[in-house]
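The values are calculated or read from the model by the stated rules, or taken from the named source; none is laboratory data. Nothing here was measured: the structure is a model prediction, and the numbers come from that model. Cβ placement follows ideal geometry from the backbone for every residue including glycine, while neighbour counts extend to all protein chains displayed.
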Amino acid sequence: MRDPDRTRRRILEAALKEFSKSGFAGARVDGIARRAKVNKRMLYHYFTDKEGLFRAVLSHKISSRMSRIEVQSPESDIVSNLTLWFKQNCLDVDWVRLLAWESLQTTGNLVLDEMERRRISSQVTARIKRRQAAGFLRNDVAAVHLHLAKASLALFPILMPQITRLVTASFATG
């Protein structure tokens, strides 16, 4: 029995693995189809082309991660949910690698699905502003800078473990 939703999910999962392993340029549609146990025709049927599939992976991951954060800490402050963001990144290294590949392969400041991603980023920044207005966060630092700091702290140790180890080891011993 055919299950289009299950097939679509398998393709998205396989594509995430392939894109996080090889980046957009290095990922092969044949490899994604093989990993998802579908033929390439099905992949193109659901996602049109490789870029459409990459966009779908990004969109799917962003929405699933945001919904988990919303459920686990709906209006918490930046400090209390930083640990949650970091843990989520540790458990989802494929996502972190996908972002790294996107950064390495992006030229001319092109960001896929930039409007949607800006919308989500604006929501997070608005949440920080509300927490600042309520007195839970310092308001002498721009909300966008707090947002950037949060994202950096949640991603950097996974993206640059060698530097993290060097810095924290020197701090612990010095």
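Out of Thr83, Thr106, I need the residue that is within 16 Å of the chain's Cα centre (by Cα), among the β-branched types (Val, Ile, Thr), within 23 Å of Arg28 (Cβ to Cβ) and modelled with pLDDT under 85. Which one?
Thr106
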Next on the checklist: Here's a check for you: in segment 134-166, which residue that is free of Cβ contacts under 8 Å to residues at least 12 places away in the same chain and outside any helix (DSSP H, G or I) is nearest to the chain's Cα centre (by Cα)?
Outcome noted: Met160
Checklist entry - In segment 1-24, which residue that is over 16 Å from the mean Cα position of the chain (by Cα) and of a type in the set (Asp, Glu) is modelled with the lowest pLDDT? => result Asp3
Checklist entry - Are there any pairs, at least 6 apart or on different chains, whose C-beta atoms fall under 7 Å, with the first in segment 90-113 and without any contact (Cβ under 8 Å) to a residue 60 or more places away in the chain and the second in a helix (DSSP H, G or I) and hydroxyl-bearing (Ser, Thr, Tyr), and if so, which? => result Asp113/Ser59
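Among the residues of segment 30-49, count how many are surrounded by fewer than 19 Cβ atoms within 10 Å (Cβ to Cβ) and either under 21 Å from Val96 (Cα atoms) or at pLDDT below 90 (or both). Spell out the reasoning first.
Pass one, segment 30-49, residues surrounded by fewer than 19 Cβ atoms within 10 Å (Cβ to Cβ): 30-31, 34-35, 37-42, 44-46, 48-49.
After this cut, where a residue has to be either under 21 Å from Val96 (Cα atoms) or at pLDDT below 90 (or both) as well, the list is 31, 35.
Residues meeting the conditions: 2.
If I ask for residues that are more than 17 Å from Ser64 (Cβ to Cβ) and either surrounded by 13 or more Cβ atoms within 10 Å (Cβ to Cβ) or over 15 Å from the mean Cα position of the chain (by Cα) (or both), which ones from segment 113-133 would you list? Step through it out loud before you land on a result.
We begin by selecting, within segment 113-133, every residue more than 17 Å from Ser64 (Cβ to Cβ); these are 114-115, 118, 122, 125-133.
Selection gives Met115, Ser122, Thr125, Ala126, Arg127, Ile128, Lys129, Arg130, Arg131, Gln132, Ala133.
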Checklist entry - Does Ala169 count as closer than 26 Å to Leu16 by Cβ, hydrophobic (A, V, I, L, M, F, W, C) and assigned to a helix (DSSP H, G or I)? => result no
